[in-house]
Amino acid sequence: MWALRRALGLLMDEQIPEKRSGHVAVVWDNVMFVWGGYYAETGSESIDYRHDSHIIWMYDLDCRKWSKEHIRGYVPPRLLATCYTCVNNCLIIFGGISQEDGDSNNVYCFDLKDRFWRKVRITGKPPSGRNKLSCCTFNNRIIYFAGYGPRPENIHINNGDFHRDLTAVYPDRGWNNHLFAFDLDDNCWVTLPNLGPKPSSRAAHACVAIGSKAYVFGGRHLDRRLNDMHMLCLHTFTWTTIVNQGVVPVGRSWHSMTYANHNTVFVFGGLNSDQNIFSDGWLYDVDKNVWTEIDMSVKHPRLWHSACIGAYLGEVVIFAGCENNIFLENPKHSNKLVTFNLQPKPLLRICLESLSEHQKQWSGKKEALPTSLYNKLSSMAGNGG
């Protein structure tokens, strides 16, 4: 029932993004925008190289081709492990860690239509700098949860727990379970109630909103990688711990969790407590509280990758990430693109894909099709309309 296919649109003479992990990727107007990340140059000494923050890569989900653009504006530093979302025609990033300034609590906005960056000035008590946190959007707010970074000071939001990392090179760094929001209407930080049985402090977890509920799964807490599921009511900001039933995924961090449909999320990849990397995929039904593992015909081990809803609901696009244990001397970063079809492809999409492969049958017959369909076909056939 579950179909897995590799995206086949990468031509040999086509530019493609460099290998990377810890990057940002969102889909807007059927184009996947990719920013940042890093890879390790191996040799006598392993060197971490962070990608140019002025460059945005774009993958057209219709014609399946890559392009890139050098972006102007107030460009962010080369951040890793930043938290990101797509809202109001913008890519908004918060947090992350840079080599120059350490943990960030800044917000940057990339206008996806006009293609420029700006730094967002926000009023109110700010959160502390952090990385590997999660977020979702609801009622024109971006709700942020948890992360890893320095202990919050008195000037920072502090409505939860902080657990110090005793193995950290730098002192007083650790995991938290703070809950706060960036209000896009009032352009201010909001400290949220954070009620009920809060999830333990964590980082490198995943969060997805379905309706007025957000679901948080997994992540790292101290030396453990978790497989617990929690639900947050986005009206009252009250947590509920979900008791897993039946077969459940192994605890993990650096995985992805993606909206699949009105009652299902898709979990893919990650790293467990023994530092084994996963290539498994799971569907979680939020109504029935049931996990179902997908039968993978081809294995694609991945962690710290990106996962986006594709050209239609039920398609998930996985890009890049690390294909082995990222803590090894020679981590194997990827620039591969993999797509999952989690439900039957829409009939319109099937027809468009079939017609795009037989361009001679309809090219030049613009009057025979609605303008929107003709332009879509032209884009998918790669001739720009």
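Some observations on this one:
- Selected residue (criterion: surrounded by the fewest Cβ atoms within 10 Å (Cβ to Cβ)) from residues of region 264-281 that are touching a strand residue (DSSP E or B) at 6+ places or on another chain (Cβ under 6 Å) and in a loop (DSSP other than H, G, I, E, B): SER273
- Screening PHE94 against (1) farther than 29 Å from TRP175 by Cα; (2) crowded, with 20+ Cβ neighbours inside 10 Å leaves a single unmet condition, (1).
- GLY321 under 13 Å from the mean Cα position of the chain (by Cα) and under 15 Å from ASP60 (Cα atoms): no
- Long-range neighbours under 6 Å by Cβ, at least six apart or interchain, first residue not assigned by TED's automatic domain parsing to the domain that holds ASP29 within region 366-379, second at pLDDT 75 or above and of a type outside the set (Lys, Arg): LYS366/TYR374; LEU377/LEU355; LEU377/SER356; SER379/ASP62; SER379/CYS63
- Of ALA320, ALA307, all but one fail to be more than 21 Å from GLU293 (Cα to Cα), assigned to a strand (DSSP E or B) and hydrophobic (A, V, I, L, M, F, W, C); the exception is ALA320.
- Test set (1) acidic (Asp, Glu); (2) surrounded by fewer than 21 Cβ atoms within 10 Å (Cβ to Cβ); (3) more than 19 Å from ILE210 (Cα to Cα) - ASP287 fails condition number: (3)
- Hits in region 253-290 (condition: touching a Leu at 6+ places or on another chain (Cβ under 8 Å), under 15 Å from ASN325 (Cβ atoms) and of a type in the set (Gly, Ala, Ser)): SER253, GLY269, GLY270
- Answer residue from region 28-52, given it is farther than 15 Å from PRO331 by Cβ and surrounded by fewer than 18 Cβ atoms within 10 Å (Cβ to Cβ) and is modelled with the lowest pLDDT among those: SER44
- A single entry from TYR284, TYR259 fulfils the requirement of being under 23 Å from GLY36 (Cβ atoms), in the same structural domain as LYS19 (by TED's automatic domain parsing) and in a strand (DSSP E or B): TYR259.
- Comparison of GLY9, GLY22 shows that the only residue that is at pLDDT 95 or above, assigned by TED's automatic domain parsing to the domain that holds TRP282 and closer than 30 Å to CYS109 by Cβ is GLY22.
- Residue match in region 74-82 (condition: more than 30 Å from ARG151 (Cβ to Cβ) and surrounded by 15 or more Cβ atoms within 10 Å (Cβ to Cβ)): no
The values are calculated or read from the model by the stated rules, or taken from the named source; none is laboratory data. This structure is a prediction, so every number in the text was calculated from the model and none was measured. All Cβ positions, glycine included, derive from the backbone under ideal geometry; neighbour counts span all protein chains shown.
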